[in-house]
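Structure record follows, encoded as structure tokens.
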Amino acid sequence: MTFWSLSSTAQEETKVGLELVLLADATGSIDDAEILFQREGYAKAITDPNVISAIQTTIYERIAVTYVEWGDSNSQDIVVGWQIIDSLESAQKFAGELRQRPRRAQGFNAIGTALLFGKSLIENNNFWGFRRVIDISADSANNWSGPPIELARQEVVAAGITINGLAVLCRYCSGRPNSYDLEQAFEEQIIGGNGAFVITADNADTFAAAVRKKLILEIADTSDSGKAALK
């Protein structure tokens, strides 16, 4: 299989079934061990046979993915740049790079900035996606700097991009917020667009499984066949 990235010399956009930005929480509540834990969960999920099968049944039989860690309004790091995943081999390449890169993002939550950063990555790449999705993980819904979440969400959704969420409640992270329901906050404040949804990572043991379920739903869209793959 051929690996694709933004460094490609191709003059025309490459068509894919899905352009997917994975925005992973790298704020102050996430220490370096937890960063590695999150990355390993995504690496295992992206190489799961069910995820590969979902990719190969999409239109064009391939998707484009990038992995970004976000912190405050001045800290967004592209850990793995855009790559096409169309096989186990290409998924393993993506996972290998994800495991190797150092952490750079840090600071207090700037979810609005992260969402707009994801939008920019989609609008300025070399791909044309049948669908376009930003997938943001977080262990809180606070927004301490940058644009308000609501304004960022409106701009992203208006551009035809869906925002999905992974509410991280695992014990190796900061746990469940004391003053509000994190999943409800995701539903009301963060996600948006066609078929938007929230998946919960309840604990460390189920994190990779939650990511796998989320990826299958995103890749397969919210069709009945996609939901059936989760059962």
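On the basis of being at pLDDT 95 or above, of a type outside the set (A, V, I, L, M, F, W, C) and within 27 Å of Leu36 (Cα to Cα), does Gly165 make the cut?
Against the criterion (at pLDDT 95 or above, of a type outside the set (A, V, I, L, M, F, W, C) and within 27 Å of Leu36 (Cα to Cα)), Gly165 qualifies.
Filter segment 109-163 down to the residues that are on the phi > 0 side of the Ramachandran plot and either touching a residue at least 60 places away in the same chain (Cβ under 8 Å) or open to solvent by less than 10 Å² (accessible area, probe 1.4 Å) (or both) and list them by number.
The answer is Gly146, and nothing else.
Condition test on Glu89, is it open to solvent by 20 Å² or more (accessible area, probe 1.4 Å), closer than 12 Å to Tyr67 by Cβ and either among the hydrophobic types (A, V, I, L, M, F, W, C) or out of contact with any helix residue (DSSP H, G or I) (no Cβ under 6 Å at 6 or more places or on another chain) (or both)?
Answer is no for this residue.
Can you report the number of residues in segment 62-82 which are outside any loop (DSSP other than H, G, I, E, B), open to solvent by 10 Å² or more (accessible area, probe 1.4 Å) and touching a helix residue (DSSP H, G or I) at 6+ places or on another chain (Cβ under 7 Å)?
Result for segment 62-82: 1.
Against the definition (among the charged types (D, E, K, R) and closer than 19 Å to Gln38 by Cβ), how does Arg103 come out, yes or no?
For Arg103, the condition - among the charged types (D, E, K, R) and closer than 19 Å to Gln38 by Cβ - is met.
Do we have any residue at all in segment 22-36 that's of a type in the set (Ser, Thr, Tyr), in contact (Cβ under 8 Å) with a residue 12 or more places away in the chain and either in a helix (DSSP H, G or I) or buried (at least 24 other Cβ atoms within 10 Å of the Cβ) (or both)?
Yes: one or more hits.
Considering only segment 82-114, how many residues are over 12 Å from Ile46 (Cβ atoms), modelled with pLDDT of 95 or more and touching a strand residue (DSSP E or B) at 6+ places or on another chain (Cβ under 6 Å)?
The total comes to 3.
The values are calculated or read from the model by the stated rules, or taken from the named source; none is laboratory data. Only a predicted model underlies this, so the values are computations on that prediction, with no experimental measurement involved. Here the Cβ is made from the backbone with ideal geometry for all residues, glycine too, and neighbour counts use every protein chain on show. We work out accessible area using only protein heavy atoms, side chains counted, and drop any ligands, DNA or RNA first. Shrake-Rupley method; radii C 1.70, N 1.55, O 1.52, S 1.80 Å.
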